[in-house]
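Enquirer: The structure follows.
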Amino acid sequence: MAEKASPDDSETLLQLARIAIIGVGMIGGSFALALKGKGVVGEVVGYGRSRERLETAQDLGVIDRFSCDLAEAVGGADLIFLAAPINASKTLLKALASLVGPEVIITDAGSVKQEIIAAAQQSLEEGFPMFVPGHPIAGKEKSGVTAADGNLFVDHRVVLTPVEETNRHATQRVRRLWETVGADVVEMDAVGHDRLLAMTSHLPHAVAFALVALLGEQQNAEEFFPLAAGGFYDLTRVASSDPAMWRDIFLNNKEPVLAGIDGYITVFERIRELIRSGNGTELETIFEHARETRAKIQTGQVV
Ligand code: NAD
C-alpha cells in the first residue's frame, strides 16, 4: 500500500473506535486494560479458542465482547493486536490476510521479530506495510487473562521493528498508543532486536529452565526443595513461565539463542576450570566484573 503522509494530529493518532485482541492472555489483556484505562478505544473485541476463557476476560472487563470466529472478531476493527504465542501468531497472520482491508493496522507483541516479520510479509502481501512489528519488554512469568494488568507497560520499554516497507503513519499510531499507556518506545531493526533479546531474555529463561530441570532430576529431589535458597528463587522465577510459549520463542530465534548458549557454556567452563585449579584470584576477578556489570544494568524490567 502506498504510504500517505498524513499529518500527525495527536487526536487522530490516538482514538480508535474498535480494536481486536487476538489471544486475550496476559499481554493482550494488559494492553486492552491499559487502552481502556486511558479512554482511547471505543470497543475492545477479543478472539480466542476458548469461549470459557473469553467469558472470563469479558467478566473482568478486559474486553467488551468476543467471538471465536476470527472474521467476526476482526470485523470493523481499526487495529488488530496479535498477542498469541509466536507459532500461533504466524498461522493467524495467514488467516487474517483475507479478512482485513488495507487500512487496518496489525501489530503484535511477539518476543521474536524476524520470524514474525517474514510470516507477515508472506501472508499479508499488499497489506504488509500496515503490519507494525512490536515487542513490549514487560511481562510476568504468569500467563492468562487473570494475570492481565493495566499498568504493566508503565515505564517499560516497547521495541518496534518496522521495516522499509512499513507505513510510517501506522508505526506512528502504534507508537502513540504505547506511549499513551506509559511505555518508552524505541525503534530498532529486527535482527538487532532478536540478537539482544536472545542474550537479555531468552538465554536467562534457558538457564532458569535448565537449573530447575537439573534439580528435578536429582535422586530424592524433594530433599532439596525445603532448602532452596533465596538465590535459587531469584534466579529461577522465570522457569514458572508458560512452556509452550517459550518453546516457540527458542525455536523461532534459533541462531541468536544458540550463540548465547555457546557463550554461556564458555564462561561456565572457565569458571569450572578456575574452581578445579583453585585459581581464586581469577575467579574473584570474574565475579567482580559480573557484579560491576550487574550494577550498570537497569533492574526491574522483566521480559
Ligand atoms: P498468554 O498465554 O498469557 O496469552 C496467550 C493467549 O493466546 C492465550 O489467551 C491463549 O489462549 C491464546 N492463544 C493461543 N493460541 C491461540 C490461537 N491459535 N488462536 C487464538 N488465541 C490463541 O501469553 P502472554 O504472556 O500474553 O504472551 C503472548 C505473546 O506476547 C507471546 O507471543 C509472547 O512471546 C509475547 N510476550 C510475552 C511476554 C511475557 O512476559 N509473558 C512479554 C512480552 C511479549
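Enquirer: Would you call residue 106 open to solvent by 10 Å² or more (accessible area, probe 1.4 Å) and either at pLDDT 95 or above or within 11 Å of the ligand (Cβ to nearest atom) (or both)?
Expert: no
Residue by residue, here is whether (1) polar (S, T, N, Q); (2) more than 22 Å from residue 168 (Cα to Cα) holds:
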residue: 72; (1), (2): no, yes
residue: 82; (1), (2): no, no
residue: 85; (1), (2): no, yes
residue: 89; (1), (2): yes, yes
residue: 114; (1), (2): yes, no
residue: 117; (1), (2): no, no
residue: 149; (1), (2): no, yes
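Enquirer: What about residue 120, is it within 18 Å of the chain's Cα centre (by Cα), of a type in the set (A, V, I, L, M, F, W, C) and part of a helix (DSSP H, G or I)? Spell out the reasoning first.
Expert: Numbers: within 18 Å of the chain's Cα centre (by Cα): yes; of a type in the set (A, V, I, L, M, F, W, C): yes; part of a helix (DSSP H, G or I): yes.
For residue 120, the condition - within 18 Å of the chain's Cα centre (by Cα), of a type in the set (A, V, I, L, M, F, W, C) and part of a helix (DSSP H, G or I) - is met.
Enquirer: Moving to a separate point now. Would you please name the residue that is most open to solvent (accessible area, probe 1.4 Å), looking only at residues in the stretch 109-126 that are at pLDDT 95 or above and away from the ligand (no atom under 14 Å from the Cβ)?
Expert: Filtering the stretch 109-126 for residues that are at pLDDT 95 or above and away from the ligand (no atom under 14 Å from the Cβ), the one most open to solvent (accessible area, probe 1.4 Å) comes out as 122.
Enquirer: Can you name every residue in the stretch 54-69 that is surrounded by fewer than 18 Cβ atoms within 10 Å (Cβ to Cβ), at negative phi and touching a residue at least 24 places away in the same chain (Cβ under 8 Å)? Walk me through how you get there before you give the answer.
Expert: We begin by selecting, within the stretch 54-69, every residue surrounded by fewer than 18 Cβ atoms within 10 Å (Cβ to Cβ); these are 55-56, 58-61, 64-65, 67-69.
Going one step further and asking which of them are at negative phi, we end up with 55-56, 58-60, 64-65, 67-69.
Answer for the stretch 54-69, where residues must be surrounded by fewer than 18 Cβ atoms within 10 Å (Cβ to Cβ), at negative phi and touching a residue at least 24 places away in the same chain (Cβ under 8 Å): 56, 60.
Enquirer: Which residue, of 239, 259, is in contact (Cβ under 8 Å) with a residue 24 or more places away in the chain, away from the ligand (no atom under 16 Å from the Cβ) and under 25 Å from the mean Cα position of the chain (by Cα)? Talk me through it step by step, then tell me what you get.
Expert: Values: 239 fails: away from the ligand (no atom under 16 Å from the Cβ).
From the options 239, 259, the qualifying one is 259.
The values are calculated or read from the model by the stated rules, or taken from the named source; none is laboratory data. Model, not experiment: these values are computed from the prediction. Methodologically, a virtual Cβ is constructed for each residue, glycine included, from the backbone with ideal geometry; neighbour enumeration extends over all protein chains shown. Remember, those area values only see protein heavy atoms, side chains included, never the ligands or the DNA or RNA. Shrake-Rupley method; radii C 1.70, N 1.55, O 1.52, S 1.80 Å.
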